[in-house]
Amino acid sequence: MSSTEGEILDGIAEVARAHLGWEGELRPGLRLVEDLELDSLKSLTLALEVENHFRVYLDQEAGIVTVGDLVQAIARHLDD
Amino acid sequence: MTESSTLVGLLETAAESPECGLRFVDRHEEVRKFAWPEILLRARRVAGGLQEAGVVRGDRVALIYPTCPEFFDAFFGILLTGAAPVPLYPPVRLGRLDEYAGRTAAMLMAVNARMVLADARVRRLLGPALERARPELGCRTTATLPTAMPTPVRVEADDLALVQFSSGTIVDPKPVALSHRAVVAQTRCLNSFWPDGDGVVHSGASWLPLYHDMGLIGCVFPALERGAALTLIPPEVFVARPAVWLRTISRFGSTVSPAPNFAYGLCVDKIRDEEMEGVDLGSWRVALNGAEPVAPQVLRGFQKRFGRWGFRPEALTPVYGLSEATLAVTFSDINRLFTSRRFDRDALADSGRAVEDPSGIEIVSVGRPLPGFVLRIVDDEDHDLEQGRVGRVLVRGPSMMEGYLGRPLATAEALHDGWLNTGDLGFVAGGELYITSRCKDVLILRGRNHSPVEVEYAVNEVEGVRTGCAAAASYLPEGADGEVLIVFVEAAAETSEVRYPGIADVVARVVRAAAGLDPDYVEVLPPGTLPRTSSGKIRRLEALRQWLGGELAPPAPMTPLRLAGAVLRSSLAMARSRRSRGG
């Protein structure tokens, strides 16, 4: 993982801690629904807060299933 | 001037009020405004394109948009062609899309949608759903419609105005078909509750999704009928930043703004004082609370917390309704503090009698029937029950659905001689309705309806679960802020009890993935434990009743974390409170 992706992961972890109360370690392999136990309200919150944090819009993304997918999606948008 | 009896007529009349219209607040709280005449003009352009593409009166056209001006271009454009709009919800931005595709395809097929109109971004994600449903005229954005002058179509009061789903589901979607007559009658009833006067000109604010009956029928149509102002906030902005809702009300001096119970709780839990700087909620006269069971301590918590910012305690107005009646059925008095009474628990549970008891369970009144509506409380043989007896709630009135579209059997089950069987249980006391249990076929969680069938269907595939032997139910525990979800499953024969906790874990995960719901309890039971009807169907409400009474199995929480309090608060709220305690 590149250093940028590491920073993105840290940023997501910060958002998850602040807005979802997630206290564990955040690894790219974790699945949002199954492992982070996000219901629809929480996943909306995560989406919006991650967007605010990184100042990106993810609404053209499809199939973000894992934390790693989310990192990749944000990285793509930051490159634009 | 004759009063319009169609939404098209209401739109044409609203277009005579150029000073008002719809405002759209975005996540940065920037505002775009569209006056009613402009909204009509934009809709006419879409109508011309739809007609050119082949849409005709009597068709159903689905529309899938977030909260944005284009929703209204599409919605009113469809109406102007004489077709019925079917608003469906856009995909969630994180997580799996296959579940969404299945659900959307099922809903498109259930209404036999001839075309789908969607936002450009949503459209890119619709492929799999469209592949399955294959709408005859395809999926278009308003920008890709042909350019053509609209041909005026005569729309009648009996034509379908709208098809809405009481709960989105793959397994058994029930499209509620509403005529213009019904929708307009409901809209006028709502507006009669907040007449302009005494120096107050009403205006609305809403973060409710536009594919939700309370958002579209409860907020947009009353503003349309009056040519009034309405400010709209995207629901995802509210969920992440509830303060935006209250700030918007203050900023525009909005007088009417509804929300389900959970939203009021979310505000109390999530909004920080500094986010409320300069906010004055004094303009907010009507804070409707409906769509899910009303928890008295949530109302009190909201009054107490936001009184500091001018919130009028009497503004909170518990209401009751259901999509099959278009929206509202009963309303509390607008200018009165909400009413709750305490009733003896055992008398309610055992003999279905409402006996007042100062130490009993507190239930909030949802008020009296709307003008023109009549309630009946009946027993299982359809005999009327007297005041204070718990029974099934039947309603008739001017805004009943035509039926479930293409589902004559389901319609016949719900509608008899104009009486709608709500499926809910309740009683009347002092002329007001008290609901004791919501419909057995709907799970109402976080303001949205879900079908228990969908949850049950999803857990069927879990290894160790006896096929077809699951039941999902939701209820409002005493003293809780919102409904909790419980899933009962029977283990497959010869499954060791040692495996039960593991099965429960998998069931919870599958439910989250399939329905986006986090079960508060999963109860794994030995085969044959769940109560059944003579024909072998599992009785959800009876299972819940037995479980609550400790007869089915001891109510045991899923994980120690839940034990800490998830039953009492939504898990989101809990995450917040843990965070604030941690500094």
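Taking the conditions exactly as written (in contact with a helix residue (DSSP H, G or I) (Cβ under 6 Å, 6 or more places away or on another chain), away from chain A (no Cβ under 12 Å) and at negative phi), does B:L530 satisfy them or not? Yes, satisfied. Among the residues of region B:226-271, write down those that are of a type in the set (S, T, N, Q) and within 20 Å of B:G310 (Cβ to Cβ). Scanning region B:226-271 gives B:T231, B:T248, B:S250, B:S254, B:T255, B:S257. Quick check on region B:488-502: of everything there that is surrounded by fewer than 20 Cβ atoms within 10 Å (Cβ to Cβ) and among the acidic types (D, E), which residue is nearest to A:K42 (Cα to Cα)? Top of the filtered list is B:E497. Is there a residue in region B:158-172 that is of a type in the set (V, I, T) and surrounded by fewer than 22 Cβ atoms within 10 Å (Cβ to Cβ)? Checked region B:158-172: at least one residue is of a type in the set (V, I, T) and surrounded by fewer than 22 Cβ atoms within 10 Å (Cβ to Cβ).
Checked against (1) of a type outside the set (K, R); (2) touching a Lys or Arg at 6+ places or on another chain (Cβ under 7 Å); (3) touching a residue at least 24 places away in the same chain (Cβ under 8 Å), A:E34 meets all criteria but (3).
In region B:103-129, how many are assigned to a helix (DSSP H, G or I), more than 20 Å from B:R407 (Cα to Cα) and touching a Lys or Arg at 6+ places or on another chain (Cβ under 9 Å)? Write out each step before concluding.
Applying the first criterion (assigned to a helix (DSSP H, G or I)) to region B:103-129 yields B:103-111, B:120-124, B:127-129.
Those still in the list that are more than 20 Å from B:R407 (Cα to Cα) too: B:120-124, B:127-129.
Now drop any that are not touching a Lys or Arg at 6+ places or on another chain (Cβ under 9 Å), which leaves B:123, B:129.
Result for region B:103-129: 2.
Scoring A:T66 on the criteria (1) more than 7 Å from every other protein chain (Cβ to nearest Cβ); (2) of a type in the set (S, T, N, Q); (3) under 27 Å from B:F262 (Cα atoms) leaves a single failure, condition (3). Could you tell me whether B:R392 is touching a residue at least 60 places away in the same chain (Cβ under 8 Å) and under 21 Å from the mean Cα position of the chain (by Cα)? No, not satisfied.
Pairing residues of region A:9-29 that are more than 8 Å from every other protein chain (Cβ to nearest Cβ) and under 22 Å from A:L78 (Cα atoms) with residues that are in a helix (DSSP H, G or I) and basic (K, R), at Cβ distances under 6 Å and at least 6 apart in sequence or on separate chains, gives no pairs at all. For B:I249, the conditions (1) closer than 25 Å to B:A74 by Cα; (2) among the β-branched types (V, I, T); (3) assigned to a helix (DSSP H, G or I); (4) modelled with pLDDT of 95 or more all hold with the exception of (1). Looking at region B:426-533, the strands (runs of 3 or more DSSP E) lying wholly inside it that each contain 2 or more residues that are over 30 Å from B:V374 (Cα atoms) and in contact (Cβ under 8 Å) with a residue 24 or more places away in the chain sit at B:465-475, B:484-491, B:521-525. Only a single item in (1) touching a residue at least 60 places away in the same chain (Cβ under 8 Å); (2) surrounded by fewer than 18 Cβ atoms within 10 Å (Cβ to Cβ); (3) more than 22 Å from the chain's Cα centre (by Cα) is not met by B:T339, and it is number (2). The sole residue among B:D505, B:D518 that is of a type in the set (D, E), crowded, with 23+ Cβ neighbours inside 10 Å and modelled with pLDDT of 85 or more is B:D518.
The residues of region B:263-313 that are within 21 Å of B:F193 (Cα to Cα) and of a type in the set (F, W, Y), listed by number, are B:W284, B:F311. Scanning region B:367-412 for residues that are under 23 Å from B:K174 (Cβ atoms), among the β-branched types (V, I, T) and surrounded by 20 or more Cβ atoms within 10 Å (Cβ to Cβ) returns B:V393, B:V395. Looking across region B:42-62, the residues that are among the charged types (D, E, K, R) and part of a helix (DSSP H, G or I) come down to B:R42, B:R44, B:R45, B:E52. Taking the residues in region A:30-57 that are at the interface with chain B (Cβ under 7 Å from one of its Cβ atoms) and of a type in the set (S, T, N, Q) as candidates, determine which candidate is farthest from B:P519 (Cα to Cα). Here the residue is A:T45. Selection over region A:1-57 of residues that are in a loop (DSSP other than H, G, I, E, B), touching a Leu at 6+ places or on another chain (Cβ under 9 Å) and of a type in the set (F, W, Y) gives a count of 1.
Yes or no: B:A118 within 14 Å of chain A (Cβ to nearest Cβ), buried (at least 21 other Cβ atoms within 10 Å of the Cβ) and either closer than 25 Å to A:A47 by Cα or among the small types (G, A, S) (or both)? Even if it seems obvious, please write down each step before you answer.
Working: within 14 Å of chain A (Cβ to nearest Cβ): yes; buried (at least 21 other Cβ atoms within 10 Å of the Cβ): yes; either closer than 25 Å to A:A47 by Cα or among the small types (G, A, S) (or both): yes.
When the stated conditions are applied, B:A118 passes them.
Pairs linking a residue in region B:143-156 that is over 19 Å from B:L11 (Cβ atoms) to a residue that is polar (S, T, N, Q), with Cβ atoms under 7 Å and 6 or more positions apart or on different chains, are B:A148/B:Q51. Assess whether B:S254 counts as being within 24 Å of B:G321 (Cβ to Cβ) and either part of a strand (DSSP E or B) or of a type outside the set (K, R) (or both). It is true that B:S254 is within 24 Å of B:G321 (Cβ to Cβ) and either part of a strand (DSSP E or B) or of a type outside the set (K, R) (or both). Those helices (runs of 4 or more DSSP H) of region B:178-242 in which at least 3 residues are of a type outside the set (F, W, Y) and either away from chain A (no Cβ under 14 Å) or under 24 Å from B:A161 (Cβ atoms) (or both), considering only elements entirely within it, cover B:180-193, B:221-226.
When region A:70-80 is examined, which residues are found to be under 16 Å from B:V92 (Cα atoms) and more than 9 Å from chain B (Cβ to nearest Cβ)?
Initially, region A:70-80 is screened for residues under 16 Å from B:V92 (Cα atoms), giving A:70, A:73.
Correct list: A:A73 only.
Report yes if B:L348 is farther than 28 Å from B:P209 by Cα, in a helix (DSSP H, G or I) and either hydrophobic (A, V, I, L, M, F, W, C) or touching a strand residue (DSSP E or B) at 6+ places or on another chain (Cβ under 7 Å) (or both), otherwise no. In short, yes.
Please state which one of B:R376, B:R336, B:R308 is assigned to a strand (DSSP E or B) and among the basic types (K, R). Walk me through how you get there before you give the answer.
Working: B:R336 fails: assigned to a strand (DSSP E or B); B:R308 fails: assigned to a strand (DSSP E or B).
Being assigned to a strand (DSSP E or B) and among the basic types (K, R) holds for just one of B:R376, B:R336, B:R308, which is B:R376.
The number of residues in region B:273-325 being small (G, A, S), more than 17 Å from B:D213 (Cβ to Cβ) and buried (at least 23 other Cβ atoms within 10 Å of the Cβ) comes to 3. I'm trying to understand the selection: among the residues of region B:389-425, which are at pLDDT 95 or above and part of a loop (DSSP other than H, G, I, E, B)? The answer is B:G397, B:P398, B:S399, B:M400, B:M401, B:E402, B:L405. For B:P128, the criteria (1) within 14 Å of chain A (Cβ to nearest Cβ); (2) closer than 23 Å to B:N449 by Cβ hold in every case but one, which is (2).
Going by what's in this entry, would B:V111 be described as at pLDDT 95 or above and at negative phi?
Against the criterion (at pLDDT 95 or above and at negative phi), B:V111 qualifies.
The values are calculated or read from the model by the stated rules, or taken from the named source; none is laboratory data. Small disclaimer: the values here were computed from a predicted structure and weren't measured. Don't worry about glycine lacking a Cβ; one is built from the backbone with ideal geometry, like all the others, and counts go over all protein chains shown.
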